[in-house]
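Enquirer: Let me begin by handing over the structure; questions about it come next.
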Amino acid sequence: MNWQNIRRCRSGVLISVTLLLTAALWLPPASTSTAATPTTFSGQATALKGSLLGLGPLVSVDCKDSAAQSSTICLAATQSFSGATEINDEASVLCYPAAATPANCAVTAPDLTGGLLVLDVLHASVVSHGNKSSAEAYVAKFELNVPGATISATALRTTAEAKCTNGVPSVSGGESTTVTINDTTLGVSQTVEAPAGTQSEQIPVPGGGYIVLNEGASPGRAGSDITVTALHVVVPALGINLYVAQAHADITCATNSCAGPNAFVTGGGFIDWNGGKAHFAVAGRNLTAWGHVLYGPTKLHVKDPMAKVYDTRAGLLTDPDSAKFHVPDAPSPDTFQGAAILTWKDGLGAVLGQVLVIDMGEPGRSDFFEILTTDGSATAWGTLAGGNIQMHGKC
C-alpha cells in the first residue's frame, strides 16, 4: 500500500473541505421567514346579466357564473374566480333572440322578452397569470325597448385590469361608451371617473328609470380590485336592472412574480368593411383548442379554435401561414405587442378558416383583424375602427 498517496488524498480532502467551509461563510444567511405566497387573482366577465320585467329566470346561454345564473337573463358570462394562481376562461353568444336560422345564434330558447331585447355578438373573457389580471366584455349591438324609450348602443366594450408593479397593486378599466336614448346620443370617455366616495352619474330615461355609462371606470389608480360596467340600465317600475358588458379583476401581489411568454389573445371590436361595420370577437390560447371566433356579418360562431401566438413581428412573419394575410407594415417606432393566428377545421382535418389579430398597443386603433374562410364566405381585413386586441402574458 502506498501510504504517501493516502496522505496526499487526505490532504486533498482536507483542502476541499476547508474551501467549502470558507465559501459557505460568504453565502447569504438562509431566510428564516416562510416562502412568499404566489400572486393570486380573482376575475369575471359578463356580456349581459340582470333582471328583466320582474320575471323569473328567462334565458341562460353560456353563463358559467353561478351567481348570475339566478338572474332573469344571463348571456356569455365566464366563471367567477377567486384566489386563483392562473385564470383562463371565456364565453360567447352570437345573438339573442334566435334569428330566422336559430343554429346560427346558438340560442334555442324562445324570445321570452317579446321583442323588448335584441343583442348581437356577445363576448366575455378573463385571463390572469404572472403579474396581471385582465377581464373584458363586448356587445356589438344592444337594444332595449321600454315604454317611452328605446335604449340602443353599438360596440359596447369594457375592460378591467389589476396588476402588480414591484409588489404594489394598481387597477384601471373602462372604454369610451356611447348610448342612444330615442334620438339623443350620449357618450362618456374612459377617463371620466366619479370622485372617490360618490356614485357614477345617472342619466334619466323617459318614462322613468336611469342609465349609468362606464360605471366604476378609472384611467388608473392604486388598489387591488375594480369592476366596470359599460352600460347599467335601471327601470324600477318594470323590474329592469341590466348590466351590459361588465368586467371585474383583482389581484393579491406576491413579493416576486413574472409572467411567461405571451400565451393568450382576447379582444372584440369592428373594422370598416364594404361600407359597414364588421363586428368580431376572439379568444385563443397558444397551441391549444380553446376560445372562440365570432364574426357578425356572416353569423360565424366557432368554438375552440387552435391558436398560434407570436411574441415578435419576426416570429409572425417566419410562419408560412402569415403569407395568407395582409400583414400591415411595421410603423416607426414599431409598437407590436403580439399577434395570433386562430385556425378551425372540419372533422377530417381540412382548414375551414383562419383569423389573424395583431395587438399594436393602446388605445387599439392600430390593432389589426383579418378573417379568411376557405369557402370565401368571409374575407375582410383592416385596422380597428373600434374595440381592442389584447395579448396576455408579457413580463
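All of the numbers you see were taken from the coordinates with simple rules; none came from a lab. Values in this document were obtained by computation on a predicted structure and should not be read as measured data. Neighbour counts are summed over all protein chains in view; Cβ atoms, including those assigned to glycine, are modelled from backbone coordinates with ideal geometry.
Enquirer: Determine the sum of side-chain charges near ALA378: Lys and Arg each +1, Asp and Glu each -1, restricted to other residues whose C-beta is under 15 angstrom from that of ALA378.
Expert: +1
Enquirer: A further question follows. Considering amide H positions built from the backbone, and no H for Pro or chain starts, which residues 5 or more places from ALA385, or on another chain, come under 5 Å of its amide H?
Expert: Correct list: PHE270, ILE271, ASP272.
Enquirer: Once a ≥ b ≥ c are taken as the square roots of the eigenvalues of the Cα gyration tensor of segment 40-252, is the result rounded (a/c under 1.5), prolate (a/b larger than b/c) or oblate (a/b not larger than b/c)?
Expert: It is oblate, given that a/c is not under 1.5 and a/b is not larger than b/c.
Enquirer: Something else: Using the number of other C-beta atoms within 10 angstrom as an exposure proxy, rank GLU161, GLU143 with the fewest first.
Expert: Neighbour counts put them in this order, fewest first: GLU143, GLU161.
Enquirer: If packing is taken as the mean number of other Cβ atoms within 10 Å per residue, what is the order of 290-298, 65-73, highest first?
Expert: 290-298, 65-73
Enquirer: Could you tell me the calculated FRET efficiency between LEU55 and THR178, based on Cβ-Cβ distance and R0 = 25 angstrom, to the nearest 0.05?
Expert: 0.25
Enquirer: Let me ask something else. If you stretched the chain out fully between LEU317 and ASP225, how much longer would it get, using 0.36 nm times the residue separation minus the C-alpha to C-alpha distance?
Expert: Numbers: separation 92, 0.36 × 92 = 33.12 nm, distance 3.78 nm.
Computed gain between LEU317 and ASP225 is 29.3 nm.
Enquirer: Please identify which residues in segment 342-375 have an amide N closer than 17 Å to a label point set 7 Å out from the Cα of THR165, following the Cα→Cβ vector.
Expert: Within reach of a label on THR165: 362-363.
Enquirer: Something else now. If you count, for each residue, the other Cβ atoms within 10 Å and average over each peptide, how do 370-378, 130-138, 169-177, 358-366 line up from highest to lowest?
Expert: Working: 370-378: 15.8, 130-138: 28.6, 169-177: 22.7, 358-366: 17.8.
Descending mean neighbour count gives 130-138, 169-177, 358-366, 370-378.
Enquirer: Calculate, for GLU86 and LEU116, the FRET efficiency according to 1/(1 + (r/R0)^6) with r their C-beta to C-beta distance and R0 41 Å; round to the nearest 0.05.
Expert: Values: r = 40 Å, r/R0 = 0.97.
Plugging the Cβ-Cβ distance into 1/(1 + (r/R0)^6) gives 0.55.
Enquirer: Need one number: nm distance between label points at LEU287 and ALA67, each 7 Å from Cα along Cα→Cβ, rounded to one decimal.
Expert: Distance between label points: 3.7 nm.
Enquirer: Taking a spot 7 Å from the Cα of LYS324 along the direction of its beta carbon, which residues of segment 265-291 have an amide N less than 13 Å from it?
Expert: Within reach of a label on LYS324, which here means backbone N under 13 Å from a point 7 Å along Cα→Cβ, segment 265-291 contributes nothing.
Enquirer: Any idea how far apart ASP346 and GLU362 come out in nm if each label point goes 7 Å out from Cα toward Cβ?
Expert: Result for the modelled spin labels: 4.5 nm.
Enquirer: Got a sec to turn the phi values of segment 314-321 into Karplus ³J(HN,Hα) couplings, 6.51 cos²θ - 1.76 cosθ + 1.60 with θ = phi - 60°, whole Hz, x for Gly and Pro?
Expert: So the J values, rounded to whole Hz, are 4, x, 5, 6, 7, 7, x, 4.
Enquirer: Between ASN145 and THR379, what is the spin-label point distance in nm, taking each point 7 Å from the Cα along the Cα→C-beta axis?
Expert: For ASN145 paired with THR379, the spin-label model returns 3.8 nm.
Enquirer: Which peptide among 123-129, 224-230 comes first, and what is the full order, when sorted by highest mean count of other Cβ atoms within 10 Å?
Expert: Result, highest mean first: 123-129, 224-230.
Enquirer: Could you give the size of the charge dipole of segment 264-392 about its Cα centre, using +1 on the Cβ of each K and R and -1 on the Cβ of each D and E, expressed in debye and rounded to the nearest 20?
Expert: 300 debye
Enquirer: Taking only the alpha carbons of segment 264-392, what extent do you get along each of the three principal axes, in Å, biggest first?
Expert: Here the spans come out as 43, 33, 23 Å, largest first.
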